[in-house]
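Have a look at the structure below, then the notes.
The values are calculated or read from the model by the stated rules, or taken from the named source; none is laboratory data. This one's a predicted model, so the numbers in the text were calculated from it and none came from an experiment. All Cβ positions, even for glycine, are placed from backbone atoms using ideal geometry, and neighbour counts span all protein chains on display. To get the accessible areas, we keep the full protein, side chains included, count just its heavy atoms, and leave off ligands, DNA and RNA. Shrake-Rupley method; radii C 1.70, N 1.55, O 1.52, S 1.80 Å.
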Amino acid sequence: MNKICEILNIKYPIIQGGMAWVADANLASAVSEAGGFGIIGTGSATADIVREEIRKCKKMTDKPFGVNVMLMSPNVESVIEVIIEEKPKAITTGAGNPAKYMEKLKKADIKVIPVVPTIALAKRMEKLGADAIIAEGTEAGGHIGELTTMVLIPQISDEVKIPVIAAGGIANGKGMAASFALGAQGVQIGTRFICSKECNIHENYKQAVLSAKDRDAIVTGRTTGHPVRTLKNKFSKEYLKMEKEGASSEELDRLGAGSLRLAVIDGDLEKGSFMAGQSASMIKEIKSCKEIIEEIVKESSNIMKEIY
Ligand code: TUI
């Protein structure tokens with residue numbers, strides 16, 4: 001049996017990305033109901049909001065689901081406490097090192113699956129007792145590392161014994177088959193699920209992803225040490241211009257404050273930060289989570305059968 005399916009007790013090794021503001025109980029439960037592993041993205045949300053969303057998800061599905069913890073959140077400590085009380089099947093972590101929380105979470109019998117952008121961090125996470133690793137290439141949306149999925153996955157899967165989940169640039173069966181070929185046992189998919197029927201975000205966000213071309217998912221924030229991949233628009237172009245002109249972190253933070261919310265909730269095409277991965281240009285239509293998952297599984301297994 002596939003190791004990711006075994007650890008998470010799911011049908012298909014497809015994990016939905018824990019996208020802040022985007023991945024709510026509605027999306028997570030739809031992915032889990034379809035046989036994947038749905039994740040509630042907590043971003044910088046308060047512990048009370050996170051508790052509410054986890055309880056909502058439990059009402060919407062009997063299937064296992066997880067929560068993503070964004071480690072740069074000012075609410076990270078209280079969010080971890082809520083997670084320990086509510087006991088989702090697993091957590092994924094992003095934008096930092098979860099070492100501090102590992103023991104507590106494992107004691108609560110919650111699987112811990114850190115997202116890592118480097119080989120060194122993957123090895124450190126294995127030593128600390130991570131149950132699996134999500135190795136995320138720079139093709140991904142949101143907060144990113146520098147290495148590509150193509151070079152990260154084969155190296156991490158050679159270096160660690162725990163199962164590896166590939167992320168970054170994966171939106172269809174080709175990406176899933178490639179991930180298996182590179183040594184991963186599963187995939188994490190974010191951007192494709194933005195374009196799902198069950199994703200409760202402003203229609204403008206979905207349309208922005210659907211109309212994105214190959215070079216439209218650009219990186220802002222390289223000068224601050226917090227690179228973020230987001231779609232090209234007035235906001236991201238202004239951000240890059242200010243970086244070029246030597247703006248301080250404080251000035252850039254002021255410009256960025258609230259911009260993800262403006263994209264997700266208000267659909268503000270000028271001031272919003274439409275975080276998305278390079279795979280945006282591969283996504284052509286809005287489908288249900290069930291259709292997306294079944295299409296990816298079918299396409300990847302056909303590719304693997306056709307090789308020999
Ligand atoms: O976390 C993500 N992607 C995200 S989080 C997010 S919320 C946000 N909003 C505004 C500004 C910034 C973020 C949007 N997208 N992906 C997982 C990921 N984790 N990518 C890279 C990393 C990472 C980076 C450094 C993981 C660990 C790490 O460790 C550094 C250390 O402390 O050793």
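A few notes on this one:
- In the range 193-204, the residues that are open to solvent by less than 20 Å² (accessible area, probe 1.4 Å) and out of contact with any helix residue (DSSP H, G or I) (no Cβ under 6 Å at 6 or more places or on another chain): Phe193
- Within the range 87-98, the set of residues being of a type in the set (A, V, I, L, M, F, W, C) and either surrounded by fewer than 17 Cβ atoms within 10 Å (Cβ to Cβ) or closer than 19 Å to Ser32 by Cβ (or both) comprises Ala90, Ile91.
- Residue list for the range 179-192, restricted to those being open to solvent by less than 10 Å² (accessible area, probe 1.4 Å) and either within 24 Å of Val219 (Cα to Cα) or assigned to a helix (DSSP H, G or I) (or both): Ser179, Val187, Ile189
- Every condition in (1) surrounded by fewer than 18 Cβ atoms within 10 Å (Cβ to Cβ); (2) outside any loop (DSSP other than H, G, I, E, B) is met by Met176 except one, and the failing one is (1).
- Candidates in the range 137-168 are the residues that are part of a loop (DSSP other than H, G, I, E, B) and either touching a Cys at 6+ places or on another chain (Cβ under 8 Å) or acidic (Asp, Glu) (or both); of these, the one that is most open to solvent (accessible area, probe 1.4 Å) is Glu146.
- Any chance Arg229 is in contact with a helix residue (DSSP H, G or I) (Cβ under 9 Å, 6 or more places away or on another chain), closer than 30 Å to Pro154 by Cα and open to solvent by less than 40 Å² (accessible area, probe 1.4 Å): yes
- Members of the range 124-144 that are touching a residue at least 24 places away in the same chain (Cβ under 8 Å), away from the ligand (no atom under 12 Å from the Cβ) and not hydrophobic (A, V, I, L, M, F, W, C): Glu126, Gly129, Asp131
- Of all residues assigned to the range 284-300, none qualifies as being more than 23 Å from Gln188 (Cβ to Cβ) and touching a Gly at 6+ places or on another chain (Cβ under 9 Å).
- Within the range 97-123, the set of residues being more than 8 Å from the ligand (Cβ to nearest atom) and of a type in the set (A, V, I, L, M) comprises Ala99, Met102, Leu105, Ala108, Ile110, Val112, Ile113, Ile119, Ala120, Ala122.
To keep it simple, each residue is scored yes or no on (1) open to solvent by 20 Å² or more (accessible area, probe 1.4 Å); (2) more than 14 Å from the ligand (Cβ to nearest atom); (3) assigned to a loop (DSSP other than H, G, I, E, B).
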| site | (1), (2), (3) |
| --- | --- |
| Ser236 | no, no, no |
| Met242 | yes, yes, no |
| Gly246 | yes, yes, yes |
| Glu250 | yes, yes, no |
| Arg254 | yes, no, no |
| Gly267 | no, yes, yes |
| Gly272 | no, no, yes |
| Ala280 | no, yes, no |
